[in-house]
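Data block below; observations after.
Just so it is clear, none of the values below were taken in a lab; they were calculated from the coordinates. Everything numeric in this text was worked out from a predicted model, so none of it was measured. So basically every Cβ, Gly included, is an ideal-geometry build from the backbone, and we count neighbours across all protein chains shown.
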Amino acid sequence: ATPPPPIVGGWTPPRDPTDEDLQVWTKVVTSVNTDLASKGTPATVSSQVVAGIKYKFMFEDGSKVIVLSVPWMKTLEVLEVDEP
């Protein structure tokens, strides 16, 4: 059976963070919200293509941080922080 096509605008399944994902996370904790640095490195990440890319960084403690990156507009913002 072939897997269903990805849902446009849907979140990807969680995956190990790539170097690119980690670069986004590093920018978040160095220039957007330094308090989030205490969370450490994301355990997994999923992404969603919107007008830009949304990243959902997930951590060992069960917390999640959703970030919007629109590189061509130099936008990087934390949309949501979910604590367990």
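With r as the distance between the Cβ atoms of ASP19 and VAL50 and R0 = 30 Å, compute the FRET efficiency 1/(1 + (r/R0)^6) and round to 0.05. Efficiency for this residue pair is about 0.85. Report the calculated FRET efficiency for VAL32 and SER63 (r = Cβ-Cβ distance, R0 = 22 Å), to the nearest 0.05. Efficiency at R0 = 22 Å is approximately 0.85.
Computed over the chain, the alpha-carbon pair-distance distribution with 5 angstrom bins reads 3, 14, 27, 26, 16, 8, 4, 2, 1, 0, each value a whole percent.
Descending by average beta-carbon neighbour count within 10 Å, the peptides 26-32, 51-57, 61-67 line up as 51-57, 61-67, 26-32, the highest first. Helix-only arithmetic for the chain: the sum of -39500 (n - 2.57) across DSSP H runs with n ≥ 4, divided by the residue total, places the mean residue ellipticity at 222 nm at -3000 deg cm²/dmol.
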